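Below is one structure, written out as structure tokens; the observations come after it.
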Amino acid sequence: MSRRGPKTAVLCWLPVISVVAALFVMPSSSTGAERAAPALNVTPGAGSYGGQSIVFSGDIGSGPQKVKLQRTGKLGSPWADVPDPRPGPNKGETATFSTAADGSFRFTFPAPAMNEVYFRVAAVRGAAATEAHLFKSKHQDAEVDLQETITVDVPLPRGIAVRGEAYRLRVDTVSGARGETKPALPGRKVTLEQRDGGFNWQFVVSGNLLADGTFRFDPRTPGALGTDVYRVVLENWVKNGDTVGWMPSLPYYLKVVDRPQPVRALDATPAGDGYSNLLTWNVPADPTGDRSNVVIARTSGSGAPAPTAAKPANIVATLSGAATQYNDTSVFPGSTYKYAVYTRTSDGVYSLISDAQRVTELMPNPKRGEVR
């Protein structure tokens, strides 16, 4: 019987060692870490409200099976199963769905009411999971503003109403404060509420959003000076698979004031051979006690002279509330000028004027041979 020495034994093991080493270094195509995660399609992928129905679709592979939704606030952190918020016997339990025979899936589920949260679809059994989808849900809120029901030269400043003048409150649910556009939910019930003398909200009237996500409530007329406080409540929306909860707007403070009295007896007298125009008027006693300025507006072409924000060049002078005349020296002979004289309060509320507060004047031409 022969005995093998140490050298012979080592030589016998070399082929085995080589095969094992090759297995460790051989590239693998079956490990989940090196294979890209299956794609996940979410529609709409962005811009939905929390609770709005969205569609998850993709293919997780490995034939028919159960899958579930998982979420995390940061990639690399542990994934947590998503409970089902929908009414029914499975409410509060992990939301699970069935794939087709080829491993593909398509199901609807409410969007999360959170920003910067990741969702994925994962197999209930096994480690298979799709890529992550980042949700950036829209904050559902309502912008409230006043719309006047009478024709005015200068719109009221935001948050101002005039005693005795009817107005509408308009709610806009799609135009965000930063210029963003949010989803419209046509038909959603909206309720206007008014705060009483304390901190309780009282029902005023309800309506339903139009196709563009806006609504105008019936006209209201303030009867007393002071501050009215309103809010609009977006009621629960459960339709077409959506389960969007109610949301109140921020309080809308509406200061009720009086308009200032207009000037009277406006007159224009050209002077300086057409190079100046003297405007004179009377200022009646104003019971509001708030006539901060007299504003002179002028145009030299077509269109009425109105000191609107869109046409600041129409304003040629802003005087004290007690002023009774203004000499316009920025005119030229042979030109026609239209003037309007307004009074204005410290809140920026302009007087309503009629033809009595407007005047049109053709400046005379200078005498022959005269050089100014």
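Here, each number is a calculation from the coordinates, and none is a lab measurement. Nothing here was measured: the structure is a model prediction, and the numbers come from that model. Cβ: placed from backbone, ideal geometry, glycine included. Neighbour counts: every protein chain shown.
When only the Cβ of Lys, Arg, Asp and Glu is charged (+1, +1, -1, -1), the dipole of the chain relative to its Cα centre reaches about 1560 debye. Simple spin-label estimate for residue 80 and residue 225 gives 5.5 nm between the two label positions (7 Å along the Cα-to-Cβ direction from each Cα).
A simple charge model with +1 on the Cβ of Lys and Arg, -1 on the Cβ of Asp and Glu and nothing else charged puts the dipole of the range 163-207 at about 100 debye relative to its Cα centre.
Close amide H partners of residue 124, meaning residues 5 or more places away or on another chain with modelled amide H under 5 Å apart, are 66, 67, 68.
Note on the chain: GNM, Cα springs under 10 Å; of 53, 249, 330, the largest mean-square fluctuation is that of 330. Size check on the range 315-367: the Cα extents along the three principal axes, sorted descending, read 45, 21, 17 Å. Across the options 268, 173, 48, the greatest Cα extent toward the positive end of the charge dipole of the chain (unit charges at beta carbon of Lys, Arg, Asp, Glu) belongs to 48. Here the label points at residue 235 and residue 145, each 7 Å from Cα along the C-beta direction, are separated by 2.6 nm in the simple model.
Using 0.36 nm per residue and subtracting the Cα-Cα separation, the extra length available between residue 134 and residue 347 on full extension is 72.1 nm. Shown for the chain: lysine pairs separated by 8 or more places, or found on different chains, whose C-alpha atoms are under 21 Å apart, numbering 13. Per-residue extension of 0.36 nm, minus the Cα-Cα distance of residue 189 and residue 282, leaves a gain of 28.3 nm for this segment.
Compactness of the range 143-257 was expressed as the Cα radius of gyration divided by 2.2 N^0.38 Å, which yields 1.11. In plain terms, the residue of 180, 143 with the fewest other Cβ atoms within 10 Å comes first and the most crowded comes last, giving 180, 143. Toward the positive end of the charge dipole of the chain, with +1 on the Cβ of Lys and Arg and -1 on the Cβ of Asp and Glu, the farthest Cα among 343, 278, 226 is that of 226.
Counting only DSSP beta bridges with both residues in the chain, the antiparallel share comes to about 95 percent. Note the angle between two axes, namely the Cα long axis of helix 6-25 and the longest principal axis of the Cα atoms of the chain, as a number of degrees from 0 to 90, rounded to the nearest 10. Between the helix axis and the principal axis of the chain, the angle is about 30 degrees. In terms of overall dimensions, the range 264-362 has a Cα radius of gyration and Dmax of 13.2, 41 angstrom.
Once the Cβ-Cβ distance between residue 181 and residue 94 is put in as r, and R0 is 30 Å, what FRET efficiency do you end up with, to the nearest 0.05? In this case the efficiency is close to 0.30. Of the residues 47, 301, 223, the one that moves most in a GNM of the chain with alpha-carbon contacts below 10 Å is 301. Applying 1/(1 + (r/R0)^6) with R0 = 22 Å to the Cβ-Cβ distance of residue 315 and residue 163, what FRET efficiency is obtained, to the nearest 0.05? About 0.25, to the nearest 0.05. Here the relative contact order of the range 143-257, from alpha carbon pairs under 8 Å that lie six or more residues apart, stands at 29 percent.
Roughly how big is the range 264-362's charge dipole about its Cα centre, with Cβ charges of +1 (Lys, Arg) and -1 (Asp, Glu), in debye to the nearest 20?
Roughly 180 debye, rounded to the nearest 20.
Over all pairs of different C-alpha atoms in the range 53-105, the reciprocal of the mean inverse distance, the Kirkwood hydrodynamic radius, equals 12.4 Å. Beyond 40 Å, the tail of the calculated P(r) for the chain holds 50 percent of the Cα pairs.
Placing unit charges on each Cβ (+1 for Lys and Arg, -1 for Asp and Glu) gives the chain a dipole about its Cα centre, and among 85, 293, 69 the Cα reaching farthest toward its positive end belongs to 69.
Note on the chain: GNM, Cα springs under 10 Å; of 87, 262, 183, the largest mean-square fluctuation is that of 87. From least to most packed, judged by other beta carbons within 10 angstrom and beginning with the fewest, 255, 74, 338, 239 follow the order 74, 239, 255, 338. For residue 265, what charge total do you get from the other residues with a beta carbon under 14 Å from its beta carbon, if Lys and Arg give +1 and Asp and Glu give -1? Residues near residue 265 contribute 0 overall. Expressed as a whole percent, how much of the Cα-Cα distance distribution for the range 40-136 exceeds 24 Å? Distances greater than 24 Å cover 15 percent of the Cα pairs.
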